[in-house]
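Everything below concerns the one structure shown next.
The values are calculated or read from the model by the stated rules, or taken from the named source; none is laboratory data. From a predicted model like this one, the values you see are computed outputs, not experimental measurements. With ideal geometry, Cβ positions are generated from the backbone for all residues, glycine too; neighbour counts draw on all protein chains shown.
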Amino acid sequence: MATLADRFFAISRKLSDRSAYLTLFTSHVSHELKSPLTSIQGAAELLRDQGDSMTDDRRRHFLANIIEDTERLSLLSQRLRDLGRAETADTSGSCRLDAVVERAASLAGLAHETRGAGGVVLAMSDENADIVFQQLALNAQQHGATTLTVTAESEASRCLVRTGDNGAPISEGNRDKVFDPFFTTRRDGGGTGMGLGIARAMLEAHGGAIDLCQPGDQFKFLMRIPVRI
């Protein structure tokens with residue numbers, strides 16, 4: 001009975017934590033969606049009410065704002081789909097690490113250097129691994145990087161993968177927040193603050209993990225990813 005009670009309370013705590021997470025996440029999503037929607041509505045109303053008397057430059061300005069905010073909503077929608085996929089990921093499949101890194105760097109327009117990745121087969125599908133590494137590559141690109149560096153080291157049934165770049169370092173004040181939903185230092189540049197959270201959720205769904213490397217390390221992130229033996 002004592003063991004059953006302990007398990008019951010453990011489940012209750014998990015449900016409570018999950019409920020709190022969903023409440024906070026919903027609040028964040030509502031806030032992130034409200035800003036571009038409000039901007040689109042305001043610009044559209046001005047075009048409707050004053051469009052005939054506007055100069056061409058002013059009209060183009062409001063149309064550009066609408067397009068920019070629409071693109072942000074589209075990106076947020078894609079990130080939410082990626083997060084949903086990460087939360088309910090199919091954990092079957094496998095992929096070559098070097099091929100995944102090459103695709104991610106190409107998507108972000110980065111040069112890439114890999115060490116020890118040849119022959120490493122991750123226990124993740126190509127699609128799921130792409131989500132993880134593309135988020136890391138895009139995060140590097142948004143912080144001014146031109147080169148992505150990846151090293152791999154086998155450890156029993158998993159691989160230790162370190163990623164680094166030549167972009168801006170993570171400041172000491174932001175280290176505790178980089179995985180928080182919607183935290184970003186590049187909001188004006190299109191950042192959503194969801195990329196690293198999506199990468200973490202996807203890795204955890206596969207029994208992996210991602211953490212920050214120590215301050216001053218040449219690498220930024222350390223991942224522990226199961227491999228196919």
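Do we find a residue being farther than 23 Å from V120 by Cβ and either hydrophobic (A, V, I, L, M, F, W, C) or at pLDDT 85 or above (or both) anywhere in segment 150-164?
no
Results for (1) modelled with pLDDT of 85 or more; (2) over 13 Å from G195 (Cβ atoms); (3) in contact with a helix residue (DSSP H, G or I) (Cβ under 9 Å, 6 or more places away or on another chain); (4) polar (S, T, N, Q), shown as yes or no for each residue.
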{"residue": "Q50", "(1), (2), (3), (4)": "yes, yes, yes, yes"}
{"residue": "T70", "(1), (2), (3), (4)": "yes, yes, yes, yes"}
{"residue": "L73", "(1), (2), (3), (4)": "no, yes, yes, no"}
{"residue": "T91", "(1), (2), (3), (4)": "no, yes, yes, yes"}
{"residue": "E102", "(1), (2), (3), (4)": "yes, yes, no, no"}
{"residue": "L107", "(1), (2), (3), (4)": "yes, no, yes, no"}
{"residue": "R115", "(1), (2), (3), (4)": "yes, yes, no, no"}
{"residue": "A137", "(1), (2), (3), (4)": "yes, no, yes, no"}
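So, in segment 137-149, of the ones that are touching a Leu at 6+ places or on another chain (Cβ under 8 Å) and of a type outside the set (S, T, N, Q), which residue ends up surrounded by the fewest Cβ atoms within 10 Å (Cβ to Cβ)?
L138
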